[in-house]
Amino acid sequence: MSFVKIAIVSLIIFLLTSFTPVSLPKAFTDLLSRADMMFEAPDSLLPAKIIENKSMTYEYAIKYPDKNFEVRYAVRPSDHLWKEFELAEKTRKKGDINTNPDSAYLSLFQTVILNCSGGEFREITAFEKAAVKSEFNADWGGTVFFHPRKEFGQQYKYCMVVALHKSRAGDAFIFYLSDTRDNFNDLVLPAFHSLRFNNL
């Protein structure tokens, strides 16, 4: 075999073995499984370090390698809430109040916004029901744009959060953070459909 052929074969082997899929953290995949969700990482973003904070815990993050733009994912399954609810329903007595887990998604989202913004109240823009069903297989979805508090946002000045809810499955929050509003929507697009509910 000639030197040129050996060099080409070696290059092909190197390229095939040097790009391995990113393995997701077990804590994140466990929550995805419990909430019956799927995650598809966009090619243009790479895994980012999780920032410990008291405002909002999240399980996974990705960012552009050459831009100050990050996407954070928080998944909240409702399986344990449903178990507690169904058990409480069996033993419920007259006068007991037992809240259906599917009735709390809006107040949960409002709490997330208040925690991450440091008390900045913003109106939630709900997605059109048919669109959120076809694009995310969710029963409800909404978004808010705000200034994140320093503890949560770190160096980022702007945050858009998308909330998704599916009955008997859970909730997910996707945070898009940037230090500028320039090209914000364009930078959001590659990761916008990276997280969705499976078909139940």
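All of the numbers you see were taken from the coordinates with simple rules; none came from a lab. Nothing here was measured: the structure is a model prediction, and the numbers come from that model. For neighbour counting, all protein chains shown are included, and Cβ atoms are generated from backbone atoms with ideal geometry for every residue, glycine included.
Using the Cβ-Cβ distance between LEU46 and THR91 with R0 set to 45 Å, the FRET efficiency works out to roughly 0.35. Taking θ as phi - 60° and the Karplus parameters 6.51, -1.76 and 1.60, the scalar couplings of region 188-199 work out to 5, 3, x, 9, 4, 10, 6, 10, 7, 7, 6, 7 Hz in sequence order, x denoting glycine and proline.
Only helices at least 20 Å long along their own axis, judged from Cα atoms, and with Kyte-Doolittle mean hydropathy of 1.6 or greater: name those in the chain from DSSP H. Intermediate values should be presented prior to the final figure.
Working: long enough: 3-18 (22 Å, 2.44).
Sorted by number, the helices that extend far enough and score high enough are 3-18.
Computed from the C-beta positions of MET38 and LEU114 and an R0 of 25 Å, the FRET efficiency is 0.30 to the nearest 0.05. Volume per residue for the chain equals 175 cubic angstrom (convex hull of Cα atoms). Each of ALA131 and SER107 was given a label point 7 Å from its Cα along the Cα-to-Cβ line. The distance between the two points is 2.9 nm.
Relative contact order (percent) for region 107-200, with alpha-carbon contacts under 8 angstrom and 6 or more residues of separation?
On the way: 141 pairs, mean separation 21.6, N = 94.
After rounding, I find 23 percent.
When the Cα positions of LEU195, ASN185, ALA172 are compared along the charge dipole of region 24-197, ALA172 comes out farthest toward the positive end, with charges on each C-beta of Lys, Arg, Asp and Glu. The label-point distance for ASP182 and SER167, in a model that sets each label 7 Å from Cα toward Cβ, rounds to 4.7 nm.
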